[in-house]
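Worksheet for the structure shown next.
The values are calculated or read from the model by the stated rules, or taken from the named source; none is laboratory data. Quick caveat: nothing in here was measured; it's all calculated off a predicted structure. So basically every Cβ, Gly included, is an ideal-geometry build from the backbone, and we count neighbours across all protein chains shown. The area values use the complete protein model at the heavy-atom level, side chains included, leaving out ligands, DNA and RNA. Shrake-Rupley method; radii C 1.70, N 1.55, O 1.52, S 1.80 Å.
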Amino acid sequence: MMECEGIAGIEQFSSPGKGRGLRVSRAYEAGELLFSCPAYSYILSVNERGFICEQCFTRKKGLAKCGKCKKAFYCNVNCQKKNWPMHKLECHAMCVYGENWCPSETVRLVARIIARLRHQRERSPSEKLLLLRDMEGHMEDMDNEKRELNEAHIAGLHHFYSKHLDFPDHQALLTLLSQVHCNGFTVEDEELSSLGLAIFPDIALLNHSCCPNVIVTYRGINAEVRAVQKISPGQEIYTSYIDLLYPTEDRIERLRDIYYFSCDCKECTTKSMDMEKMKVRKLSDEISQKEIRDMVCYARNAMEDFRRAKHEKGPAELLEMCELSIDKMNTVFDDANIYILHMMYQAMGICLFMENYDGAVRYGEKVMKPYTVLYPAYSLNIASMYLKMGRLYMALDRKSTGISALQKALAIMEVVHGKDHTYVTELKQEIRGE
């Protein structure tokens, strides 16, 4: 019943010290597609409704809305019908609860997984190599904070979904939640805005490296794995689970916190980029190690405070938080220090939100150059930054500067998304001014 059919050119193997992994059985060039995986289950973020089809994630104008709840939007009747088995879990509840309908994205995704598991009789096309139920969950490694969060998610499931779903027992729910925590993917667009949450069992087999040789991008509700460097037959394929901007210590902490392992890739062992990432100002007086350590501590706290404040404060206050922390860090750190870059990137986002394009460009220009040094060559972070900057310049009537930035974005996007991706064809039209 659950026979494994495999994927051409890819084989599962036992990776030393890493458990299961994937390796290639033939050579791949940068930009080449290794394989794609349809989402097993997925949800569109509430704030993307009306812009993107709930079923196929196509972004277009003039979507048709669900006649009952008026909240879900589709390309056409066909997409709506296909989506109904999943949408019906929410449609009625959204009408009943109105403004009080607020399950977390994790809860929404888990509800859909449960609904699909109920009716599943054979391996899905998302499980050519790995069954959803066999995904790693690290239940035993969870701290109390994560356990409490899981209990809150379970309460949310019962609260919003009990009418249309029969739940497995408590232990099974906890297992599923921990699997989603370790293996869930945020589906992002070409500007790295979050579109939703999804689960791709076969992609979950990819191990992590801070020097990845593949990248995962999205085409509708399919995840695609593309080479970002030359890969030789027999080599393991690695993606990066985290943002690679940060220094080794921060990356290791994040990987431990979310995925429960330590990375031993070349970058984590040699820390070759750390000096560059932690750049300190050149002052006449040498800055002491203690001052640097204290400022790193301040910077990490400022980042965490800002992350929390995003849910509570308005844009003007948030922008002020960014400016204050940047000024303080500037007494010790160079402008290209990643902690300053982090806050400048946040500030740029707020300026964009407030439609203060001059402010956004000012921050963006400070971030752009260091990004190209600190990230790998084919990076979504660099591409999305060139894209945002290009679009900003165009909006400010700085056309030639804009086109030059968009062309740089295009060069990376052709490799990471593929030459035939809608993002690429749409960008080409944008550059031609169509």
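Overview of results
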| quantity | calculated |
| --- | --- |
| Pairs where the first residue, in region 143-163, is farther than 19 Å from I258 by Cα and the second is open to solvent by 60 Å² or more (accessible area, probe 1.4 Å), C-beta under 9 Å, 6+ apart | I154/H170; G156/C102; F160/Y97; F160/C102; K163/H92; K163/V96 |
| Some residue of region 106-119 being at pLDDT below 95 and open to solvent by 30 Å² or more (accessible area, probe 1.4 Å) | yes |
| Residue that is most open to solvent (accessible area, probe 1.4 Å) [pool: residues in region 230-264 that are in a loop (DSSP other than H, G, I, E, B) and within 21 Å of E11 (Cα to Cα)] | K230 |
| Search result, residues across region 185-204 that are in contact with a strand residue (DSSP E or B) (Cβ under 8 Å, 6 or more places away or on another chain) and surrounded by fewer than 22 Cβ atoms within 10 Å (Cβ to Cβ) | F185, T186, E188, D189, S194, L195 |
| Residues of region 52-92 classified as of a type in the set (A, V, I, L, M) and more than 23 Å from Y40 (Cα to Cα), total | 2 |
| Tabulated pairs, region 415-434, first in a loop (DSSP other than H, G, I, E, B), second among the hydroxyl-bearing types (S, T, Y) and surrounded by 18 or more Cβ atoms within 10 Å (Cβ to Cβ), C-beta under 9 angstrom, 6+ apart or interchain | H417/T217; H417/Y218; H417/Y423; G418/T217; H421/T217 |
| Any hit, region 37-48, residues being of a type in the set (V, I, T), within 30 Å of N76 (Cα to Cα) and in a strand (DSSP E or B) | yes |
| Of all residues making up region 385-434, the number that are open to solvent by less than 40 Å² (accessible area, probe 1.4 Å) and charged (D, E, K, R) | 1 |
| Pairs with Cβ under 7 Å, 6+ apart, first in region 326-343 and in the same structural domain as T372 (by the TED database), second open to solvent by 30 Å² or more (accessible area, probe 1.4 Å) and of a type in the set (F, W, Y) | K328/Y298; I338/Y246 |
| Verdict on E90 being touching a helix residue (DSSP H, G or I) at 6+ places or on another chain (Cβ under 6 Å), within 19 Å of T106 (Cβ to Cβ) and either crowded, with 19+ Cβ neighbours inside 10 Å or of a type in the set (A, V, I, L, M, F, W, C) (or both) | no |
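Yes/no per residue for (1) farther than 28 Å from C322 by Cα; (2) over 19 Å from the mean Cα position of the chain (by Cα); (3) not small (G, A, S):
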{"residue": "K366", "(1), (2), (3)": "no, yes, yes"}
{"residue": "P370", "(1), (2), (3)": "no, yes, yes"}
{"residue": "P376", "(1), (2), (3)": "no, no, yes"}
{"residue": "I382", "(1), (2), (3)": "no, no, yes"}
{"residue": "L410", "(1), (2), (3)": "yes, yes, yes"}
{"residue": "M413", "(1), (2), (3)": "yes, no, yes"}
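Residues checked against (1) of a type in the set (F, W, Y); (2) under 29 Å from E365 (Cβ atoms); (3) within 23 Å of the chain's Cα centre (by Cα):
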residue	(1), (2), (3)
T239	no, no, yes
L245	no, yes, yes
D257	no, no, yes
S272	no, yes, no
M295	no, yes, no
A309	no, yes, yes
K328	no, yes, no
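The rows are residues; the columns are (1) open to solvent by 40 Å² or more (accessible area, probe 1.4 Å); (2) over 30 Å from E5 (Cβ atoms); (3) part of a loop (DSSP other than H, G, I, E, B); (4) not assigned by the TED database to the domain that holds N207.
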{"position": "E122", "(1), (2), (3), (4)": "yes, no, yes, no"}
{"position": "S126", "(1), (2), (3), (4)": "no, no, yes, no"}
{"position": "E136", "(1), (2), (3), (4)": "yes, no, yes, no"}
{"position": "E145", "(1), (2), (3), (4)": "yes, yes, no, no"}
{"position": "A152", "(1), (2), (3), (4)": "yes, yes, no, no"}
{"position": "G156", "(1), (2), (3), (4)": "no, yes, no, no"}
{"position": "K163", "(1), (2), (3), (4)": "yes, yes, yes, no"}
{"position": "L176", "(1), (2), (3), (4)": "no, no, no, no"}
